[in-house]
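The values are calculated or read from the model by the stated rules, or taken from the named source; none is laboratory data. Computed from a prediction, not measured in an experiment: that's the story for all the values here. Cβ sites come from the backbone with ideal geometry, for glycine too, and all protein chains shown count toward neighbours.
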Amino acid sequence: MQIAVVGTGYVGLVTGTCFAETGNNVICVDIDAVKVEKMKNGEVPIYEPHLDILFERNIKEGRLAFTTDLKSAIEQAQIIFLALPTPPGEDGSADLSYILNVAEELGKIITEYKVIIDKSTVPVGTAEKVTAAVAKNATIDFDVVSNPEFLREGFAVNDFLKPDRVVIGTRSAKAKQILEKLYKPFVRQGNPVIFMDEKSAELTKYAANSFLATKITFMNEIANYCELIGADVDAVRRGMGTDTRIGNRFLFPGIGYGGSCFPKDVQALVKSGKEVGYDFEIINSVMDVNHRQKVTMAQKIKAYFGDDLSGKKLALWGLSFKPDTDDIREAPALYIIDELVAAGAEITAYDPAAMQMSKVK
Ligand SMILES: NC(=O)c1ccc[n+]([C@@H]2O[C@H](COP(=O)([O-])OP(=O)(O)OC[C@H]3O[C@@H](n4cnc5c(N)ncnc54)[C@H](O)[C@@H]3O)[C@@H](O)[C@H]2O)c1
């Protein structure tokens, strides 16, 4: 199949490379000319374990290419993935401008049937907005599908090739048939492709991320309490996690969730709820507790050395929001650094993958 992937970040590049790996011809489009030039020269612009091997193989086999030219990429493809940023706007809602601007452009370009697939994390109702934006300029039949991505940075290639499930939101029989065929190689072991309507697919992603953020935050609260009463949170975690109704994943306490997804998605769900008069009380508390957790480490250091850290030299290991990624977006380490530097400390930080990204910031 001929595929175009618009946006070659953590999601787009992994998506494009993995679809090339299963024999499709993929052209990846990005607005960042420097990034595209690097990729054309065989350089993977992000750190993601195992991506380099697939990337190199598929470029060599002629199945994976890169361009800044949206028009030529779209003309060649029947299937178009949008893997564009949806950062939080000033009010916490997802900024859809990247997606809607590209959707308007698509409407001007398409001259034959296309399936336009939203892989970005977007609020309920976005497929309708994308449809309207494309239709503004389009004179031809097309379908807009919601296909949220569940990959984890650090495990992205494996997660994409062997997903727990694939969620596809569409009411079009034609789009359903195309996507069923496209995803067939990824679900051979019985992992399901779950078809639903567009709105439910959009919400599934927010619900999943908010649930996981809640699980992490719950465990952080239990850990804080353990410290006060002298219980061992690691023992509690093992005792709890062996209950199959609870499961043992996402129960490790830490310095709060961060990254480019959980903070913005949790916030966006709350904002979407407000728009229809619904107040997500649990999720609001999760955001508050997580915020508190992020500065706990700095507070512990101050409790030991005093509030004035002038003249203190501190070493900090780990800058990214979790291991095996160079992504430092919303990383708790950055909050801790700000807090400690504001108190006068001098910090020397190290990360095995995220040094370059940290210098850029
Ligand atoms: N990073 C993750 O782990 C993850 C997982 C699941 C879902 N998501 C969602 O996927 C979406 C993309 O996330 P990401 O982390 O890959 O983002 P990213 O910031 O890493 O990548 C986005 C890419 O889009 C490019 N871009 C911006 N405007 C463009 C345009 N007009 N045309 C072409 N390219 C353009 C940027 O240059 C960048 O390369 C977001 O909605 C995110 O919430 C991310």
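What to note about this one:
- Per-region count, the stretch 1-39, residues closer than 21 Å to V102 by Cβ and within 14 Å of the ligand (Cβ to nearest atom): 26
- The residues of the stretch 90-110 that are at pLDDT 95 or above and away from the ligand (no atom under 13 Å from the Cβ), listed by number, are G107, K108, I110.
- Exactly one residue out of L309, L334 is assigned to a helix (DSSP H, G or I) and over 19 Å from P45 (Cβ atoms): that is L334.
- Any hit, the stretch 71-81, residues being within 10 Å of the ligand (Cβ to nearest atom) and either out of contact with any Pro (no Cβ under 6 Å at 6 or more places or on another chain) or under 23 Å from D141 (Cβ atoms) (or both): yes
- 3 or more residues without any contact (Cβ under 8 Å) to a residue 60 or more places away in the chain: qualifying helices (runs of 4 or more DSSP H) within the stretch 52-162: 70-76, 97-109, 126-137
- Candidate set: the stretch 328-346, residues that are of a type in the set (D, E, K, R) and at pLDDT 90 or above; chosen: the one farthest from the chain's Cα centre (by Cα): E346
- Flag for K215 being among the basic types (K, R) and within 16 Å of the ligand (Cβ to nearest atom): no
- Pairs linking a residue in the stretch 195-215 that is over 25 Å from Y257 (Cβ atoms) and surrounded by 23 or more Cβ atoms within 10 Å (Cβ to Cβ) to a residue that is modelled with pLDDT of 95 or more and not aromatic (F, W, Y), with Cβ atoms under 7 Å and 6 or more positions apart or on different chains, are E198/A127; E198/S146; E198/G169; E198/T170.
- Flag for I168 being touching a residue at least 24 places away in the same chain (Cβ under 8 Å), part of a strand (DSSP E or B), assigned by TED's automatic domain parsing to the domain that holds C18 and of a type outside the set (D, E): yes
- Of all residues in the stretch 256-288 being buried (at least 17 other Cβ atoms within 10 Å of the Cβ) and β-branched (V, I, T), the one that is nearest to the ligand (Cβ to nearest atom): V266
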